[in-house]
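K.L.:
I have a structure I would like to understand better, so I am pasting it below and will then ask my questions one at a time.
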Amino acid sequence: MQVNVVLNKNTSKDYSVHIDTLEKLVFDTKVLIVTNTTVAALHLEMLKTRISAKELHTIILPDGEMYKNFESLNLILNACFEHRLDRQSLLIAFGGGVIGDMTGFAASIYQRGINFIQIPTTLLAQVDASVGGKTGINNSYGKNLIGSFWQPRAVYCESAFLKTLPKREFAAGVAEIIKMAVTFDKNFFEWLETHDLSDEANLKSAIYKSIAIKADVVSQDETEKGIRAVLNYGHTFAHVIENQTQYSTYLHGEAVAIGIVMANTLAQKLGLLSAEDAERIQTLLKRYELPTHYKIDSLERFYDAFFLDKKSANDKITFILAEGIGGNDMRSGIPKEVVLEALGDANV
Ligand code: NAD
Ligand code: GLY
């Protein structure tokens, strides 16, 4: 199976997402695989048997969001220099979203930009992070605040890698699948209500469908001037929750699940979403044991934290809301009292 990402205005950047078709990749250039200790221990030897290159090198980074920083970026760049990678060389991101984002960023700045491909090994990275060319690292000011748009040359999603994924990480990926269904595709949402993703065939269908939605959105709006922002449904709230819990209590997808429920409370207040549909979304999240509630200490402090998000502009927050199931609305200028009321309703 294959999904094409067709980018407006610059067709040379188009690429394909190949699903469950990774047999042999042959490159007549130098290749550097970037991975981490966990993924290397589980899958690196297998991947190496699938790759033939002029020279094949590997860098294994420590595992964790806390290593998505300048130090790791520098380690990747140093490996590029050490192995004398040139402008024809290729980086391969082999891991979850952390490895994908850092490798893409390194590829975008090494010698003013070289090619990279994504071989995502988490569900979240397969259905979301590996597609669309957002790359970056974190710093003390926040998450993903330093980065670039740099599209991969190809993405290879192999569901076989997901067999070793811990249950919580799997569910975190499901949250992003549900996000896409709620905001873009009612039929897909209804299909998710009646199909269990622990079944392999169902999972493959959901991965394909989610990538198709993401590819379509990115094709319309590569650099998030409009519709791509809808992919941040739940994220405005999630980022505050992640920040307030020092990125250590919830996985990103778990915070997104809570954020979706909070966004839905606001959508209900604005008459965009019925209580019944909000309940259906929450029920689907709960089925994968995703958290759906966060105890807010101070509503005012939670509200103020929205303005630290890089998605807020000119002191205005744009909320991404579900408009029924399968529709979306981007709203800015919602009065503070209404947002506080919604946060209060979600906080019971
Ligand atoms: P992650 O990369 O930290 O991976 C989660 C954990 O799973 C890690 O411990 C990892 O080593 C482990 N792992 C990876 N593959 C495995 C496998 N096959 N078997 C067992 N363990 C495995 O986290 P993630 O959820 O993949 O990605 C989150 C990151 O992605 C965040 O940094 C987020 O900002 C970023 N992100 C980026 C985009 C984008 O568009 N670029 C979109 C969403 C998220
Ligand atoms: N994950 C959001 C985006 O790629 O735009």
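The values are calculated or read from the model by the stated rules, or taken from the named source; none is laboratory data. In this text the structure is predicted, and so the values were computed from the model without any measurement. When we count neighbours, we look across all protein chains shown, and the Cβ atoms used for this are built from the backbone with ideal geometry, even at glycine. Ligands, DNA and RNA are stripped out before the accessible areas are found, and what is left, the full protein with its side chains, is counted by its heavy atoms. Shrake-Rupley method; radii C 1.70, N 1.55, O 1.52, S 1.80 Å.
K.L.:
Take the solvent-accessible surface of the protein heavy atoms, probe 1.4 Å, and return the percent of it on segment 214-283 that carbon and sulfur atoms account for.
P.N.:
Working: 1100 of 2400 Å².
About 46 percent, which is the carbon plus sulfur part of the accessible surface.
K.L.:
With θ taken as phi - 60° and the coefficients 6.51, -1.76 and 1.60, list the Karplus ³J(HN,Hα) couplings across segment 319-332 in order, rounded to whole Hz; mark glycine and proline as x.
P.N.:
Going residue by residue, I get 9, 9, 10, 7, 10, x, 8, x, x, 8, 8, 9, 10, 10 Hz, with x marking Gly and Pro.
K.L.:
At 1.4 Å probe size, put M66, M262, M46, M1 in order of accessible surface, largest to smallest.
P.N.:
Details: M66 135, M262 10, M46 70, M1 110 Å².
In descending accessible area the options line up as M66, M1, M46, M262.
K.L.:
What order, most packed first, do the peptides 107-119, 138-150 have when packing is the mean number of other Cβ atoms within 10 Å of each residue? Could you put the intermediate results ahead of the total?
P.N.:
Details: 107-119: 20.7, 138-150: 14.8.
Averaged packing, sorted descending, gives the order 107-119, 138-150.
K.L.:
How many percent of DSSP beta bridges within the chain run antiparallel, rounded to 5? Could you put the intermediate results ahead of the total?
P.N.:
Numbers: 15 of 40 bridges.
Expressed as a percentage, antiparallel bridges in the chain total about 40.
K.L.:
Counting each DSSP H run of 4 or more residues in the chain as -39500 (n - 2.57), what helix-only mean residue ellipticity at 222 nm follows after dividing by all residues, to the nearest 500 deg cm²/dmol?
P.N.:
Values: 11 runs with 138 residues, N = 348.
Only helices count here, giving -12500 deg cm²/dmol.
K.L.:
Moving on to the next point. Classify segment 151-227 as rounded, prolate or oblate from the Cα gyration tensor: take a ≥ b ≥ c as the square roots of its eigenvalues, call it rounded if a/c is under 1.5, otherwise prolate when a/b beats b/c and oblate if not. The partial results should precede the final answer.
P.N.:
Details: a/c = 2.02, a/b = 1.30, b/c = 1.55.
Oblate.
K.L.:
Here is a further query. Does the chain classify as rounded, prolate or oblate by the C-alpha gyration tensor (a ≥ b ≥ c root eigenvalues; a/c under 1.5 gives rounded; else a/b over b/c gives prolate, otherwise oblate)? Walk me through the intermediate numbers first.
P.N.:
Working: a/c = 1.86, a/b = 1.58, b/c = 1.18.
Prolate is the answer for the chain, as a/c is 1.5 or above and a/b outweighs b/c.
K.L.:
Using each residue's phi in segment 104-114, evaluate 6.51 cos²θ - 1.76 cosθ + 1.60 at θ = phi - 60° and report the 3J(HN,Hα) Karplus result to the nearest Hz, with x for Gly and Pro.
P.N.:
Coupling constants for segment 104-114: x, 5, 4, 4, 6, 10, 5, 6, 6, x, 10 Hz.
K.L.:
By the scheme Lys and Arg +1, Asp and Glu -1, what is the net charge of all other residues having a beta-carbon under 14 Å from that of L284? Write out the running numbers ahead of the final one.
P.N.:
Numbers: positive: K179, K186, R280, K286, R287; negative: E176, D185, E190, E193, D196, E276, D277, E279, E289.
Spelling it out: positives minus negatives among the neighbours equals -4.
K.L.:
Short version: ³J(HN,Hα) in whole Hz for each residue of segment 334-344, in order, from phi by Karplus 6.51 cos²θ - 1.76 cosθ + 1.60 (θ = phi - 60°), x for Gly and Pro, what are they?
P.N.:
6, x, 3, 4, 5, 5, 4, 4, 5, 4, x
K.L.:
If you don't mind, there's one more thing I want to ask. Apply the a/c threshold of 1.5 to the C-alpha gyration tensor of segment 80-198 and tell me whether it is rounded, prolate or oblate. Provide the component values of the computation, followed by the final result.
P.N.:
Values: a/c = 2.27, a/b = 1.94, b/c = 1.17.
Prolate, because a/c is 1.5 or more and a/b exceeds b/c.
K.L.:
Can you order the peptides 281-287, 251-257, 228-234 by their average number of other Cβ atoms within 10 Å per residue, highest first? Present the calculation step by step, with values, prior to reporting the outcome.
P.N.:
Working: 281-287: 18.0, 251-257: 26.9, 228-234: 22.9.
In decreasing order of mean packing, 281-287, 251-257, 228-234 become 251-257, 228-234, 281-287.
K.L.:
Can I ask one more? With every protein chain left in place, what is the accessible area per residue of the chain in square angstrom, probe 1.4 Å? Numbers along the way, then the final one.
P.N.:
Values: 15000 Å² over 348 residues.
Result: 43 Å² per residue.
K.L.:
Would you be so kind as to identify which of T37, Y67, I114 lies farthest towards the positive end of the dipole of segment 1-116, taking Lys and Arg as +1 and Asp and Glu as -1 on Cβ and the Cα centre as origin?
P.N.:
It is I114.
K.L.:
Follow-up question, since we're still on this one. Along the charge dipole of the chain, which of N144, F302, L77 sits closest to the positive end, that is, farthest toward it, with unit charges on the beta carbon of Lys, Arg, Asp and Glu (+1, +1, -1, -1)?
P.N.:
Checked the options; the winner is L77.
K.L.:
Could I ask something else about it? What is the dipole size for segment 1-151, taken about its Cα centre, with +1 at each Lys and Arg Cβ and -1 at each Asp and Glu Cβ, in debye to the nearest 20?
P.N.:
Values: 13 positive and 13 negative charges, 82 e Å.
Roughly 400 debye for segment 1-151.
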